[in-house]
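What follows is a single structure, written as structure tokens, with notes after it.
Rule-based calculations on the coordinates, nothing more; no lab input. All of these numbers come straight from a predicted model, not from anything done at the bench. Please note: Cβ atoms are built from the backbone with ideal geometry, for glycine as well, and neighbour counts cover all protein chains shown.
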Amino acid sequence: MSRKIKKAIFPIAGLGSRFLPATKVLPKEMLIILDKPILEWAVIEAANSGIEEMIFVTSSKKNSIIEHFDRSIQLESLLKKKRKKEQLRLIQSQNSLGKFTYVLQDEPKGLGHAVWCAKRFIENDENFAVILPDDIILSKKPVIKQLIDISIKTDGGSVLGLEKVPKKEVFKYGVINPHKKINNYYSIKNLIEKPNPSIAPSNLTVVGRYILHSKIFDELEKKKKGYGNEIQLTDSLLTLVKEPGLYGFEFEGDRFDCGSKLGFVEANINFGLADKNIKNKLKEKLRDL
Ligand code: UTP
């Protein structure tokens, strides 16, 4: 298994209920961080990691996403006419992000079900990425590329992005039970979705970045319901432990949970501080608070 990882699945069919009323009409993935929708930051991360095909598992209520990534010849020619060169460059840079494929999830039945919806776009014995865009990550090297590099090191293993959290907070996440630490990554023997802190096997939690092997679809196909009566992705990951191997990597980068108000505001401040044009002024403003 040394085929290049070329496809990423973006599950984006959720309700975004924690962000109502903003998300009543506007999809959560289209909320803006600095100057781009949350989803565009995730697509840029994938493209910078060598991913060529972006597969969106979406809902019929989220058409603005299709429009956003579609080429707008009319806007391009208007910007050209008005000599808005920089804006034109920005809009045209979207055209080289990759190939976009859309598939509908009829209703949000869980993350495992959303990934299963993209099954037909993944070949047998193929590794692919899964990116949850509301986990937005500021890092030097794109996080998906960091995971791809671990997958290569483990001869095609599946790799989960991990983050250490205080033990009392593990009930919000999927938690791994590590088998052992090998250099800078872990081999995994078990996982539990949203455990009570008293029974959690570690404080290493799974965040929204995965490299998975197509074998996972055999398990997702069974559509077993788990935590919250939803089809969970975590429950199916175990099937990868034996073959091709399941690993976890504490990636380098700062993650912000844009599905929550606090994470969203933090992300905007940190992306602002990383932008050379507004960094200094923003720092001053923050100091004055
Ligand atoms: P979340 O639970 O964080 O997103 O799912 P949500 O359901 O949209 O938000 P809340 O909890 O109601 O506020 C993580 C990711 O998985 C997608 C979501 O769109 C989000 O990107 N997802 C979740 C699906 O695509 N389908 C599902 O059935 C569930």
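Show me, for the stretch 240-246, the HN-Hα J-couplings you get by feeding each phi into the Karplus relation (A = 6.51, B = -1.76, C = 1.60, θ = phi - 60°), rounded to Hz, glycine and proline as x.
8, 4, 6, 8, x, x, 10
Express the relative contact order of the stretch 144-289 as a whole percentage, based on alpha carbon pairs under 8 Å and six or more residues apart in sequence. Walk me through the numbers before you get to the answer.
Details: 232 pairs, mean separation 38.9, N = 146.
In percent, rounded to a whole number, it is 27.
May I ask you to derive the FRET efficiency for K4 and D254 from their Cβ-Cβ distance with R0 = 25 Å, giving the value to the nearest 0.05? Working shown, then result.
Details: r = 28 Å, r/R0 = 1.12.
So the FRET efficiency works out to roughly 0.35.
Just want the answer: with Cβ charges of +1 for Lys and Arg and -1 for Asp and Glu, which residue in A200, F256, N124 is farthest toward the dipole's positive end in the chain?
Towards the positive end, the residue furthest out is F256.
Once fully extended, how much extra length lies between L289 and K24, figured as 0.36 nm per residue of separation less the alpha-carbon to alpha-carbon distance? Working shown, then result.
Working: separation 265, 0.36 × 265 = 95.40 nm, distance 3.15 nm.
Length gained, L289 through K24: 92.2 nm.
Can you grab the distance from the C-alpha centre of the stretch 215-279 to the C-alpha centre of the stretch 1-66, Å, no decimals?
13
For the chain, what is the mean residue ellipticity at 222 nm derived from helices alone (per DSSP H run of n ≥ 4: -39500 (n - 2.57); sum divided by total residues; nearest 500 deg cm²/dmol)?
Working: 10 runs with 84 residues, N = 289.
Using -39500 (n - 2.57) per qualifying helix, the result is -8000 deg cm²/dmol.
Would you be so kind as to identify which of S214, N184, S72 lies farthest towards the positive end of the dipole of the chain, taking Lys and Arg as +1 and Asp and Glu as -1 on Cβ and the Cα centre as origin?
So the residue furthest toward the plus end is S72.
Would you mind working out the magnitude of the charge dipole of the stretch 21-117 relative to its Cα centre, with +1 at each Lys and Arg C-beta and -1 at each Asp and Glu C-beta, to the nearest 20 Debye? Before the final figure, lay out the partial values.
On the way: 15 positive and 12 negative charges, 125 e Å.
For the stretch 21-117, the charge dipole is close to 600 debye.
Work through the residues other than K281 whose Cβ is under 12 Å from its Cβ and net out their charges, Lys, Arg +1 and Asp, Glu -1. Spell out each step's value before the answer.
Details: positive: K276, K279, K283, K285, R287; negative: D275, E284, D288.
Residues near K281 contribute +2 overall.
As I understand it, the dipole of the chain uses +1 on the Cβ of Lys and Arg and -1 on the Cβ of Asp and Glu, about the Cα centre. Which of Q232, P21, V159 lies farthest toward its positive end?
Highest projection toward the positive end goes to P21.
Using the Kirkwood radius over Cα pairs, work out the Stokes-Einstein diffusion coefficient for the chain at 10 °C and 1.306 mPa s, in µm²/s as a whole number.
80
Mind listing which trypsin sites (Lys or Arg not before Pro) in the stretch 1-56 are in a DSSP loop and have 16 or fewer other Cβ atoms within 10 Å?
Numbers: sites: R3, K4, K6, K7, R18, K24, K28; in loops: R3, K4, K6, K24.
When the trypsin sites (Lys or Arg not before Pro) of the stretch 1-56 are filtered for loop state and at most 16 Cβ neighbours within 10 Å, R3, K4, K6, K24 remain.
Give me the percent of DSSP beta bridges within the chain that run antiparallel, rounded to the nearest 5. Show your work: numbers first, answer last.
Numbers: 29 of 47 bridges.
Just about 60 percent of them are antiparallel.
Specify, per residue and in Å³, the volume enclosed by the convex hull of the alpha carbon atoms belonging to the stretch 92-133. Show your work: numbers first, answer last.
Details: hull volume 4.7 nm³, N = 42.
Normalising the Cα hull of the stretch 92-133 by residue number yields 112 Å³.
If R0 is 45 Å, what FRET efficiency do you get for E76 and L238 from their C-beta distance, rounded to 0.05? Write out the running numbers ahead of the final one.
Working: r = 48 Å, r/R0 = 1.06.
Once rounded, the FRET efficiency stands at 0.40.
Given N residues in the stretch 13-72, what is its alpha carbon radius of gyration divided by 2.2 N^0.38 Å?
Values: Rg = 12.0 Å, N = 60, 2.2 N^0.38 = 10.4 Å.
Against the compact-globule rule of thumb, the ratio is 1.15.
Relative contact order, percent, of the stretch 132-229 when contacts are C-alpha pairs under 8 Å separated by at least 6 residues?
That works out to 32 percent.
If I take every Cα pair under 8 Å that is 6 or more residues apart in the chain, average their sequence separation and divide by the length, what percent do I get for the relative contact order?
Working: 541 pairs, mean separation 64.3, N = 289.
Contact order relative to length: 22 percent.
Hey, any idea what the orientation-averaged projected area of the convex hull of the stretch 58-105's Cα atoms comes to, in nm²? Intermediate results must be reported in sequence, preceding the final value.
Values: hull surface 14.8 nm².
Spelled out: convex hull of the Cα atoms, projected over all directions, averaged, 3.7 nm².
Classify the stretch 208-289 from the C-alpha gyration tensor, please: rounded if a/c falls under 1.5, else prolate or oblate depending on whether a/b exceeds b/c.
On the way: a/c = 4.58, a/b = 2.49, b/c = 1.84.
Taking the square roots of the gyration eigenvalues as a ≥ b ≥ c, the stretch 208-289 is prolate.
Net charge within 13 Å of F264 by Cβ-Cβ distance, Lys/Arg positive one each and Asp/Glu negative one each, not counting F264 itself?
Net local charge, F264 excluded: -1.
If you place +1 on the Cβ of every Lys and Arg and -1 on the Cβ of every Asp and Glu, how big does the dipole about the Cα centre of the stretch 93-214 come out, in debye to the nearest 20? Intermediate values should be presented prior to the final figure.
Details: 17 positive and 12 negative charges, 102 e Å.
Value, rounded to 20: 480 debye.
Of the trypsin sites (Lys or Arg not before Pro) in the stretch 128-192, which ones lie in a loop per DSSP and count no more than 12 other C-beta atoms within 10 Å?
Working: sites: K140, K145, K153, K164, K167, K168, K172, K180, K181, K189; in loops: K140.
Here the sparse-neighbourhood loop sites are K140.
Please arrange W41, W116 by counting, for each residue, the other beta carbons lying within 10 Å of its beta carbon, fewest first. Present the calculation step by step, with values, prior to reporting the outcome.
Working: W41 19, W116 24.
Final ranking by Cβ density, sparse to dense: W41, W116.
If packing is taken as the average number of other Cβ atoms within 10 Å across a peptide's residues, how do 224-232, 245-253 rank, most packed first? Could the numbers behind the result be given before it?
Working: 224-232: 15.0, 245-253: 20.3.
Packing proxy ranking, top to bottom: 245-253, 224-232.
Residue by residue through the stretch 220-232, what is 3J(HN,Hα) from phi via Karplus (6.51 cos²θ - 1.76 cosθ + 1.60, θ = phi - 60°)? Round to whole Hz and write x for glycine and proline.
4, 3, 6, 6, 6, 7, x, 3, x, 6, 10, 7, 8
Computed from the mean reciprocal separation of all distinct C-alpha pairs, what Kirkwood hydrodynamic radius does the stretch 1-159 have, in Å? Write out the running numbers ahead of the final one.
Numbers: mean 1/r = 0.0594 Å⁻¹.
Computed over Cα pairs of the stretch 1-159, the Kirkwood hydrodynamic radius comes out at 16.8 Å.
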